[in-house]
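The values are calculated or read from the model by the stated rules, or taken from the named source; none is laboratory data. What you see is a predicted model; the values in this text were computed from it and never measured. Reconstructed Cβ throughout: ideal geometry from the backbone, glycine too, with neighbour counts over all protein chains shown. Heads up: the accessible areas ignore ligands, DNA and RNA and are worked out on the full protein's heavy atoms, side chains in. Shrake-Rupley method; radii C 1.70, N 1.55, O 1.52, S 1.80 Å.
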Amino acid sequence: MASAPSSSNGLHLPDSARELVKILVAGPFGVGKTTLIDSVSEIRPLHTEEQLSEASVAVDDLAGVRDKTTTTVAIDFGRISLNGGIVLYLFGTPGQERFRSLWKDIAYGALGALVLVDTRRIDDSFEVLGLVEDAGLPYAVALNTFPDARQYTEEQLRTSLDLEPGTPMIACDARDTRASIDALISLVQHLLTRMGHRSQGPAADSAEPLPYDTVPSPEVR
Amino acid sequence: MSGRRAGRPLVPAYVSTGGKTRPSRNSLERLSVLTGLTVCPAEQSSGAGPPIPLHGTGHDVRRARHNAPPPAPPSHTPAAPPVPAASPIPSAPSAPSVPPGLPAAQRTLLGTLDGGSLTVVETAAVLELPVSAVRVLAAHLIDLGLVSARPPIPFAAQPDLDLLERVADGLRALKL
C-alpha cells in the first residue's frame, strides 16, 4: 500500500450519503486485513495514526516499547458506497491485547466484526476473538486461505477456535473482491439472523427467521 | 495495521490542538460527518498542521495555488480577502466568516472540508492527525459555527433490521 496520505480530493461524501455504518475487520498482524479492505474499498485504504496511552503499554510485555512514553499504531480503513445512501466503512483492527484501549473507540457503533484467521497461525487468533467477544460484537470468521496452509476439517477449526455453532465460518481469499464481499455478506446475514431471533415477537412482522442456508461450508477439507 | 510511514511527524499532535487533549463536546464519533459551513480564505498549513499533498486532478485552483514548493511564510495576513459567497453551501444563507485568529491547524481542517462533508476519521487520515486531535479541533470549529456535525446514522441509536437488510442487499448488488 502506498504510504502517501491522500488529499481530500475525491474523498468528500456525496450528498446522498445518509447512513454510515461500520464493520471491523479484525485479526492478528499480517493476516490480510488491509488486503481484504483494499479488495473491496472504493477508495485506496487510508489510515490514521492512533496513540496508545502509556498505561496500556505498561502492561504490555513487548520488550521494545517499554521505554517509550507513547506508541502508535496505524489503523487502516476503507469505504464502500452501497445503494440507498448507505456508506459502509471497514476498519482494520489489530488483534493484540495491548490495543484494548483503542477497541472501545473503534468498535463503538459497529455492526459487527469479520475476524480474519490464518490457519497456519490459529493460535494468533485467540486474542482477537477474545477482544471481539469482550466488545460484545457479533462476528463471523473468515479463513484467509494461503496456499501452503495445512488442511483442517471444519470441525477441527471450530473446536480449535471455540466457535459457537451459529457463528459463520467461511473460506475467503482476501485478495479476491468477490470472496471478500461474500465474507461480508455472511457476516451481515448472521447479524440479521441474530436480530431476527431477538425481535421475534408479535410486533415484529418481518422478523421471521430467514431461511439462510446456514453456514457456507469452508473449502478446507 | 500497516502502511507505517517512514518518518514520524516531528510535531506532536497535541501541539496542533493548542495543548488541549479533550474536545469541548463528546459526541464526535469516528464516523460522525463533519461539514464545512464556510470555506477558509487562503488556507495554508503554516503551522503545526502538515501540508496537504495534492493528488489526482488539480481542479481546485485555490488549493493548486498552494501546491507550490515549500509553504511560503505566512505572509498573508488574517485580513486576506474572504472568498465570495458564491460557494455552494445551500444550507447557509450567508457563510460565516472565519475569525482572523483561527489557529493554523483549524484553518487546515476547514480547508480540508472545503465546504463539503467528510467523516472524522477521513479528516484525521487526510490531516495525518490522530482521531483524538481531530475531535478537539472539530469541536472548536463547531463551537464557532464554522463546521456542522451529524451522527453516522440519523435518528437511531442502534442499527435496525431494515438497515441490516439494506446493507446485505447493497453488498449483493456489488457482485452483479
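Please list, ordered by first then second residue, the pairs with beta carbon atoms under 6 Å, 6 or more apart or interchain, first in the stretch A:68-84 and at pLDDT below 80, second outside any helix (DSSP H, G or I).
A:THR70/A:GLN51; A:THR71/A:LEU52; A:THR72/A:GLU49; A:THR72/A:GLN51
Taking the stretch A:167-180 as the search range and keeping residues that are outside any loop (DSSP other than H, G, I, E, B) and either under 17 Å from A:SER125 (Cα atoms) or open to solvent by 10 Å² or more (accessible area, probe 1.4 Å) (or both), which one is farthest from the other protein chains (Cβ to nearest Cβ)?
A:MET169
Can you find, within the stretch B:138-161, the residue that is farthest from A:ASP76 (Cα to Cα) among those that are more than 8 Å from chain A (Cβ to nearest Cβ) and assigned to a helix (DSSP H, G or I)?
B:ASP143
Which residue is surrounded by the most Cβ atoms within 10 Å (Cβ to Cβ), if the candidates are limited to the stretch A:36-56 and must be more than 9 Å from chain B (Cβ to nearest Cβ) and modelled with pLDDT of 75 or more?
Filtering first and then ranking leaves A:LEU36.
Out of everything in the stretch A:138-166 that is under 16 Å from A:VAL25 (Cβ atoms) and modelled with pLDDT of 95 or more, what residue ends up being surrounded by the fewest Cβ atoms within 10 Å (Cβ to Cβ)?
Among residues in the stretch A:138-166 that are under 16 Å from A:VAL25 (Cβ atoms) and modelled with pLDDT of 95 or more, the one surrounded by the fewest Cβ atoms within 10 Å (Cβ to Cβ) is A:PRO138.
Can we say A:SER16 is modelled with pLDDT of 90 or more, assigned to a helix (DSSP H, G or I) and more than 10 Å from chain B (Cβ to nearest Cβ)?
No.
Can you name every one of the helices (runs of 4 or more DSSP H) wholly within the stretch B:53-137 that holds 3 or more residues which are more than 9 Å from the chain's Cα centre (by Cα) and modelled with pLDDT under 90?
Once the helices (runs of 4 or more DSSP H) in the stretch B:53-137 are filtered for at least 3 residues that are more than 9 Å from the chain's Cα centre (by Cα) and modelled with pLDDT under 90, what remains is B:61-64.
Would you be able to say whether some residue in the stretch B:146-153 is among the β-branched types (Val, Ile, Thr) and either in contact with a helix residue (DSSP H, G or I) (Cβ under 6 Å, 6 or more places away or on another chain) or modelled with pLDDT of 95 or more (or both)?
yes
Restricting to the stretch A:97-109, and then to whatever is in contact (Cβ under 8 Å) with a residue 12 or more places away in the chain and within 9 Å of chain B (Cβ to nearest Cβ), can you tell me which residue is most open to solvent (accessible area, probe 1.4 Å)?
A:GLY109
Taking the conditions exactly as written (within 7 Å of chain A (Cβ to nearest Cβ), among the hydrophobic types (A, V, I, L, M, F, W, C) and touching a strand residue (DSSP E or B) at 6+ places or on another chain (Cβ under 9 Å)), does B:VAL134 satisfy them or not?
No: the conditions fail for B:VAL134.
Sort out which residues of the stretch B:107-129 are open to solvent by 10 Å² or more (accessible area, probe 1.4 Å) and within 11 Å of chain A (Cβ to nearest Cβ), and write them in order of number.
Within the stretch B:107-129, B:ASP114, B:GLY115, B:GLY116, B:SER117, B:GLU128, B:LEU129 meet the criteria.
Collect the residues in the stretch B:93-106 that are closer than 16 Å to B:GLY18 by Cα and either of a type in the set (Gly, Ala, Ser) or crowded, with 22+ Cβ neighbours inside 10 Å (or both), keeping them in residue-number order.
Hits for the stretch B:93-106 are B:GLY101, B:ALA104, B:ALA105, B:GLN106.
Could you run through the stretch B:25-45 and say how many residues are at pLDDT 70 or above and farther than 14 Å from B:ALA105 by Cα?
Of the residues in that region, 13 qualify.
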